[in-house]
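Following: one structure in structure tokens, then a few remarks.
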Amino acid sequence: MSDLHVEGLVKRYGSHTALHGVDLEVGEGELVGLLGPNGAGKSTLTKIACGLVRATEGTVTVAGHPAGSRAARAAQGYLAELFRFPGWATADEVLVLHQQLTGSEKGAGERADLLGLVGLSDARERKVEEMSKGMQQRLGIAQALVGEPRLLLLDEPTSALDPAGRRTVRDLLVEVQGRGVAVMLNTHLLSEVELVCDRVVIIDHGAVVTSGRTAELVRPRGVEVETAAGRRVIEGAGRAEAPRIVAELVAAGEQVFGVQVLSSTLEDVYLDAVGERESTRSSG
Amino acid sequence: MSELLTGARIVAAHALRESLRRRVFFVVLGLTLAFGGLYAWGVHELFSDIDEFNGNGFLDAETLAGATILGLAMFGTLFLGVILAVFLTLNAVRGDAERGLLQPVIVRPLGRGAYLLGRWAAAAAVSASYVVVVFFGGVLLTKLFGGYTPDSVIVPALELAGAVAIISALALLGSIVLGTTANGVAVLMVFGAGLLVGLLGSIGDALDSGTLSDVANVASWVLPFEGLYRDALFQLVSGAVSEGGVTGALVQLGPLGGSHDNHALFPLFCVGYALVVGALALAAFRRRDL
Ligand SMILES: Nc1ncnc2c1ncn2[C@@H]1O[C@H](COP(=O)(O)OP(=O)(O)OP(=O)(O)O)[C@@H](O)[C@H]1O
Ligand SMILES: [Mg+2]
């Protein structure tokens, strides 16, 4: 049973259709990156999964329970794109509240563990209104982990974090995945996804345009050779073909100055998928 | 059921803690003490003037003065209680959702019904306790500084508490569809309009205008906090009214919305009204995308 199952999901806001029949799966303990341009529908999809927004059509289940049901809400942890905690509360009090709301009985030990995980151990008694935005975001991630959720839904959890903070979150994601938690990570930071996600789903204009295992999406794009005639790319060729290509060129009497295997980065895959490669190239 | 109550209790405790930390109660206490001081002074002055006034036997000046000033105090109490109730609930749903405060709480297992119940219970408990305490304070000061005791105190206190509990429910319902400012304005205007209609009704009673009285009576059912307030005014002076005469007629005219007794089933109606407002709020909240 998958931890998040989305089938034929349609969402209309009035006459505007934000999602046109999205299918998506997050397997048990899987870490899936959800990518897409601004307005693609990532947050809408995440909010439907956690029961904040109602689907117009389609089915969404969390750990086998209909999204938004009590059982589904008990199985999930969520961090919204735009969220705030009460300014008067301390980090510890925010976590206490969420322990009460989830019925977690793990007490101070769980809170200290979570604050440690996000690098906020020193800010336990600090009030939210006295925290920087990045500290609040870290607290938000800790809050989402209260009560040991099976599925973590994170909507741009690192948008306010400094590079060290992002690394902390990446390590944390790997760590919680090790504990068997499935994660859907919604972000614009492709490098982050490339580093930690098992699978990537790219949506655009409310529909899935590409999805697959990260390692398979990021694949060889060709071999570039530099000869007296200049550089050229042998499209579709991979590392294995490089010696043969060089041998053939030498046999044909050409001088080879350099050879390089090109692999497409996730950025290439992304820009191809959302059809912005050409416009980016021509404008840049 | 127990899950609903547990969730509501957590939400209510959180709302109360917020009011404590934000020093809401501190401010309210300070202003209320100032209000009490001014009131005591006013009562003292009023009754020392009355000692020199002889009602020619027609008028029981002490009853008239006591009922009028205590009625005024009751209006002030209700007004402050309503402000408290409105400010504790006015941003409960849309305002908090726009600021991003609501989402982390509402995705938890407690459910939307428990959230509404908790927010309502916190606001109603605070504002109802407030009006009861302040009203008893007003009665005590009137007795100490003017020697006047109203005909009834328990029933009016309960009616004031009911009125602010109903206002809390209305403000909570409003908070689902309206943003913070719009909801605050709307609820206070509904409150003001209710009292105004009550005042028109008492003028209608005095002038024997059936239409005006009918309008006021309809308003008491549509906006039952108004009916509760008018009945509370009536309860203060029920003895004098039943004795009749000039005093009876004058005290019934009352300050700021004349007194008027309610139908015997009115309290039951008020409970039903609050339940309907709660059900409407839940239905609206369930349909709302956050
Ligand atoms: N409450 C709403 N009412 C009407 N339209 C909405 C609402 N919320 C989102 N939309 C629309 O739905 C579409 C998807 O929005 P969504 O917030 O899901 O995008 P996103 O992929 O998260 O974008 P971003 O990367 O900017 O966060 C957009 O066209 C947006 O204008
Ligand atoms: Mg978004």
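The values are calculated or read from the model by the stated rules, or taken from the named source; none is laboratory data. Given the structure is predicted, the values throughout are model-derived calculations rather than measurements. All Cβ positions, glycine included, derive from the backbone under ideal geometry; neighbour counts span all protein chains shown. SASA here: full protein model, heavy atoms, side chains in, ligands and nucleic acids out. Shrake-Rupley method; radii C 1.70, N 1.55, O 1.52, S 1.80 Å.
Remind me, relative contact order of the stretch A:4-214 in percent, using alpha carbon pairs under 8 angstrom and six or more residues apart? Working shown, then result.
Numbers: 419 pairs, mean separation 63.6, N = 211.
Taking the mean separation of contacting Cα pairs over the length of the stretch A:4-214, I get 30 percent.
Just check the stretch A:67-182 against the gyration tensor rule for me: Cα atoms, a ≥ b ≥ c as the square roots of the eigenvalues, rounded for a/c under 1.5, and otherwise prolate or oblate depending on whether a/b exceeds b/c. Before the final figure, lay out the partial values.
Details: a/c = 1.42, a/b = 1.16, b/c = 1.22.
Here the stretch A:67-182 falls in the rounded category.
Beta-bridge orientation, the stretch A:4-214: approximately 55 percent antiparallel, per DSSP, counting only bridges with both partners inside. For chain A, pairs of C-alpha atoms spaced more than 29 angstrom apart make up 43 percent of the total. Structural descriptor for the stretch B:2-287: relative contact order 24 percent, calculated from alpha carbon pairs under 8 angstrom and at least 6 residues apart.
Charges at C-beta only: +1 for Lys and Arg, -1 for Asp and Glu. How large is the resulting dipole of the protein assembly as shown about its Cα centre, in Debye rounded to 20?
Dipole size: approximately 1040 debye.
Here the dipole of the stretch A:1-106 is about 460 debye; that uses its Cα centre as origin and unit charges on the Cβ of Lys and Arg (positive) and Asp and Glu (negative).
Could you please report the charge total around residue A:214, scoring K, R as +1 and D, E as -1 over all other residues with beta-carbon less than 14 angstrom from its beta-carbon?
Numbers: positive: A:170, A:199, A:213, A:219; negative: A:30, A:192, A:194, A:198, A:216, A:267, A:268.
Summing Lys/Arg as +1 and Asp/Glu as -1 gives -3.
Axis of helix B:61-89 versus longest Cα principal axis of chain B: the two differ by about 10°, to the nearest ten degrees. Computed over chain A, the per-residue total of -39500 (n - 2.57) for DSSP H runs of n ≥ 4 gives a 222 nm mean residue ellipticity of -10000 deg cm²/dmol, rounded to 500. For residue A:59, the accessible area of its heavy atoms, probed at 1.4 Å with every protein chain present, is near 80 square angstrom. Within chain A, the longest run free of GluC sites (Glu not before Pro) that sit in a DSSP loop with at most 12 other Cβ atoms within 10 Å is A:126-284.
Looking at the protein assembly as shown, what % of its DSSP beta bridges pair antiparallel, to the nearest 5? Numbers along the way, then the final one.
On the way: 35 of 52 bridges.
If we restrict to bridges inside the protein assembly as shown, about 65 percent are antiparallel.
Each of A:14, A:37, A:80 was placed along the dipole of the stretch A:1-124 (beta-carbon charges, centred on the mean Cα), and the one lying farthest toward the positive end is A:14. Relative to the longest principal axis of the Cα atoms of chain A, the long axis of helix A:242-251 makes an angle of roughly 20 degrees.
Scan the stretch B:1-100 for trypsin sites (Lys or Arg not before Pro) in coil per DSSP, keeping those whose Cβ has at most 16 other Cβ atoms within 10 Å, and list them by number.
Numbers: sites: B:9, B:17, B:21, B:22, B:23, B:94, B:99; in loops: B:22, B:23.
Counting only loop positions with at most 16 other Cβ atoms within 10 Å, the trypsin sites (Lys or Arg not before Pro) in the stretch B:1-100 are B:22, B:23.
Straight-distance candidates among the lysines for linking to residue A:42, with alpha-carbon spacing under 24 Å and chain neighbours fewer than 8 residues away dropped: A:11, A:133.
Could you tally the net charge around residue B:2, taking each other residue with its Cβ under 15 Å from the Cβ of residue B:2, Lys/Arg +1 and Asp/Glu -1?
Numbers: positive: A:70, B:9; negative: B:3.
Once all neighbours under 15 Å are counted, the net charge is +1.
Straight-line cross-link partners of residue B:143 among the aspartates and glutamates, defined as a Cα under 14 Å from its Cα and at least 8 positions apart when in the same chain: B:45, B:62, B:151.
Placing unit charges on the Cβ atoms of the charged side chains and taking the dipole of chain B about its Cα centre, the candidate lying farthest along the positive direction among B:47, B:228, B:181 is B:181. What separates the Cα centres of the stretch A:84-119 and the stretch A:28-54 is a distance of 24 Å. In the protein assembly as shown, a dipole from Cβ-located charges (positive for Lys and Arg, negative for Asp and Glu) runs towards its positive end, and of A:238, A:56, B:76 it is A:238 whose Cα lies farthest in that direction. What angle do you read, to the nearest 10 degrees and between 0 and 90, between the alpha-carbon axis of helix A:163-178 and the longest principal axis of chain A? The angle comes out at about 80 degrees. Given +1 at the Cβ of Lys and Arg, -1 at the Cβ of Asp and Glu and no other charges, the dipole of the stretch B:1-90 around its Cα centre is 940 debye to the nearest 20. Rolled with a 1.4 Å probe across the full set of protein chains, the surface gives residue A:167 an accessible area near 140 Å². Going by accessible surface with a 1.4 Å probe and the largest first, B:205, A:268 read B:205, A:268.
Rounded, prolate or oblate: which one fits the protein assembly as shown, using the alpha carbon gyration tensor with axes a ≥ b ≥ c (rounded when a/c is under 1.5, else prolate when a/b beats b/c, else oblate)? Because a/c hits 1.5 or more and a/b exceeds b/c, the protein assembly as shown counts as prolate.
When nucleic acids and ligands are ignored and a 1.4 Å probe is applied, residue A:42 ends up with an accessible area of around 10 Å².
Counting Lys and Arg as +1 and Asp and Glu as -1, what is the net charge of the other residues whose Cβ lies under 13 Å from the Cβ of residue B:13? Can you show the working numbers first?
Working: positive: B:9, B:17, B:21, B:119; negative: A:93, B:18.
Around residue B:13, the surrounding residues sum to +2.
Residues B:127, B:213 ordered from highest to lowest accessible area at a 1.4 Å probe: B:213, B:127. Ordered by 1.4 Å accessible area with all protein chains kept, B:120, B:41 run largest first as B:41, B:120. Could you name the lysines whose alpha carbon sits less than 25 Å from that of residue A:106, not counting residues in the same chain fewer than 8 places away? Hits, sequence-local ones excluded: A:127.
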